[in-house]
Amino acid sequence: MTAMDTQTIERPDVDTDETTDDDTPKFFHYVKKHKIAESAVMGSHVVALCGEVFPVTRSPKPGSPVCPKCKKIYEKMKKDE
């Protein structure tokens, strides 16, 4: 991946299948930044670094739990720059 790819990734949303009993997400996933707004407006699905596919429905707050698979992939991408 190029450095440009890693600059377009942030921690945006959760897979709706990964929620707790009170509808709080277990994990937020890393996806390409430009896909977040498109998904939120159009209702299209995004693909996280870990491969999860879901529509953007929530935004993370500071300290929100991050998908361990996404985090591991993102850290490797940062090291490969």
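The values are calculated or read from the model by the stated rules, or taken from the named source; none is laboratory data. In this text, all values refer to a predicted model and were calculated from it rather than measured experimentally. Counting neighbours? That spans all protein chains shown, and the Cβs are built from the backbone with ideal geometry, glycine included.
Residues in the range 33-57 that are among the basic types (Lys, Arg) and buried (at least 17 other Cβ atoms within 10 Å of the Cβ): LYS35 only.
Criterion first (within 26 Å of ASP80 (Cβ to Cβ) and modelled with pLDDT of 85 or more) does LYS33 satisfy it?
Numbers: within 26 Å of ASP80 (Cβ to Cβ): yes; modelled with pLDDT of 85 or more: yes.
So LYS33 passes the test.
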